[in-house]
Amino acid sequence: LGKLAFTVTSLGTGFKGGEVTPLFYIGATLGNALAPLLHLPFPMLAGIGFVAVFAGAANTPLATIVMAMELFGPEIGPLAAIACIASYLFSG
């Protein structure tokens, strides 16, 4: 929780040390937190959260779906597609 607070504070005040790595961390943490609630495997949901948050922040759902399949295997494609497209649509 401490890293997340410092990341949010750092980015919120305008200091940038890179925007991609905090997005990956926040997404993986979100997936990890949702895994027990959805009764799904931790690594799978961490990977989906990883790419979904990045898809919403970067407005690149197709690229992140491909990235998910490259990083985690083609079997995660359909779930990553649902998560990335939903994240993109809700990000405005």
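Being aliphatic (A, V, I, L, M), in a loop (DSSP other than H, G, I, E, B) and without any contact (Cβ under 8 Å) to a residue 12 or more places away in the chain: is that true of LEU40 here? Against the criterion (aliphatic (A, V, I, L, M), in a loop (DSSP other than H, G, I, E, B) and without any contact (Cβ under 8 Å) to a residue 12 or more places away in the chain), LEU40 qualifies.
To keep it simple, each residue is scored yes or no on (1) polar (S, T, N, Q); (2) under 11 Å from the mean Cα position of the chain (by Cα).
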residue	(1), (2)
LEU30	no, yes
ALA55	no, yes
THR60	yes, no
VAL66	no, no
PRO78	no, no
CYS84	no, yes
LEU89	no, no
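Each row is one residue, and each column tells you yes or no for (1) at pLDDT below 95; (2) of a type in the set (Val, Ile, Thr); (3) surrounded by 14 or more Cβ atoms within 10 Å (Cβ to Cβ).
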site	(1), (2), (3)
LEU1	yes, no, no
THR7	yes, yes, yes
LEU11	yes, no, yes
GLY18	yes, no, no
THR21	yes, yes, no
LEU30	yes, no, yes
GLU70	no, no, no
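For region 1-32, which positions are closer than 17 Å to SER87 by Cα and without any contact (Cβ under 8 Å) to a residue 12 or more places away in the chain? None - no residue of region 1-32 is closer than 17 Å to SER87 by Cα and without any contact (Cβ under 8 Å) to a residue 12 or more places away in the chain, so the list stays empty.
The values are calculated or read from the model by the stated rules, or taken from the named source; none is laboratory data. Note that the coordinates shown come from a computational prediction; the quantities given were computed from them, not determined experimentally. Positions of Cβ are backbone-derived with ideal geometry, glycine not excepted, and every protein chain shown enters the neighbour counts.
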